[in-house]
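The values are calculated or read from the model by the stated rules, or taken from the named source; none is laboratory data. Please read all numbers here as calculations on a predicted model, not as lab measurements. Heads up, the Cβs are rebuilt from the backbone with ideal geometry, glycines too, and the neighbour counts pull from every protein chain shown. When the accessible area is computed, the model is the full protein with side chains, heavy atoms only, and any ligands, DNA or RNA have been set aside. Shrake-Rupley method; radii C 1.70, N 1.55, O 1.52, S 1.80 Å.
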Amino acid sequence: MAETETVGLAPRQYAVAQLAASGLRNKEIAAALGVSLHTVRNTMSVVFARLGVENRVGLANAFVLGRVALLPARRRPAQDGA
C-alpha cells in the first residue's frame, strides 16, 4: 500500500485507532468505548492490516499524514412490521 493512500475505516475501527494513536492503552480504549478488551485487540489487528502498519507508531504516523479517513456509518434497513 502506498504511503500516501488514504484508507477509510468503519466508525468503530476509526474510534479505536484514534484513541490508540493518541496514546491510550487497549484497556483504556475498551473502557472509553464500552467494549471488551478482546474487541479492541481484534480491531487493532484489522486496522494495522488495513493501514499496512506494524505498530502504534505507524498508526499515529498514518493519522499525522492524513492517511486515515472515517467511512460513513452503514444504515441498517428497516425491518417490516417493527
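Here are a few things to note about the model shown:
- Long-range amide H partners of residue 7 with built H, under 5 Å: 68, 69
- The HN-Hα couplings worked out from phi for the range 73-79 by the Karplus form 6.51 cos²θ - 1.76 cosθ + 1.60 (θ = phi - 60°) are 5, 7, 8, 8, x, 5, 8 Hz, whole numbers, x standing for Gly and Pro.
- At R0 = 35 Å, FRET efficiency that the Cβ-Cβ distance of residue 5 and residue 41 yields, to 0.05: 0.90
- Residue 25 long-range amide H proximity, modeled H, under 5 Å: none
- Solvent-accessible area per residue in the range 23-64 equals 61 Å², computed with a 1.4 angstrom probe and all protein chains kept.
- Average projection area in nm² (convex hull over Cα atoms of the range 14-57, one quarter of hull surface): 2.6 nm²
- Simple Cβ-charge dipole of the chain, Lys/Arg +1 and Asp/Glu -1, about Cα centre, in debye nearest 20: 220 debye
- Distance between the modelled labels on residue 33 and residue 71, one decimal in nanometres: 1.4 nm (7 Å Cα→Cβ projection).
- Calculated P(r) of the chain - Cα pairs past 20 Å, %: 34 percent
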